[in-house]
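Trainee: Okay, handing you the structure first.
Throughout, read-outs are computed from the coordinates displayed, never taken from laboratory work. Predicted, not measured: the structure shown is a model, and the values here were computed from it. We place every Cβ from the backbone using ideal geometry, glycine too, and count neighbours over all the protein chains shown.
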Amino acid sequence: MPGKCFLSSVTTIQSLASPIAACDLIVSMEPAEISPRPVIGAIVAASGLAVSFLLWLLYVHHASADFVGRWMFLPALNALLNGLCALALCVGLYFIKHHNREAHRTSMLLAFVFSSAFLLSYVVNHALHGDTIFPGHGLVRTLYLSLLTSHVILSIVALPMVLTTFFLSLTGRFAMHRRIARLTFPIWLYVSISGVVVFVFLKAYAY
């Protein structure tokens, strides 16, 4: 009996020492996949801080008179970047509908770059010139304010959704990415297009 027990122990040790068993042991010791919830929570918190800064910039900050009449190309640049973003989004949708994932990813990254450049230009424009008051009256003013309100509200919603959608894609969580992208895409597209329309209104009545 002692000899059999000894042989059984040796066999067990040899099986554990085999490469396959060692790999299984390593895999079992690997930490579980990190939950996306803390990252998404951080995205929402950062987005809240960014929105708070933009609201302060729009309604509290007073632009210096030194920049009156200077850098007046910024609103047109903002509209151009919004238009390019909308175009990249539509191209990205076309590619994913045709199962071209690489081209889709490139298009969406371009859309993100255009939106990021717009946000930077937008901040600089409002820091230098402040908010632009729409001088129109009647129906035109109602249409403009309705459009502007929807644009602002949905842009606040879009920021954390866009970042979350990219995070899910870049970390390989494609099922979750597809679910939230169905909501993110139309909101992001509307914000981009409505940004161009807001500029057209201001170009016709204010600039």
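Trainee: Order of Asp131, Asp66 from fewest to most other C-beta atoms within 10 Å?
Mentor: Details: Asp131 12, Asp66 8.
Lowest count first: Asp66, Asp131.
Trainee: Listed highest first by mean packing, meaning other Cβ atoms within 10 Å per residue, what order do 142-150, 114-122 come in? Don't jump to the answer; show the numbers that get you there.
Mentor: On the way: 142-150: 13.4, 114-122: 18.2.
By packing density, highest mean first, the sequence is 114-122, 142-150.
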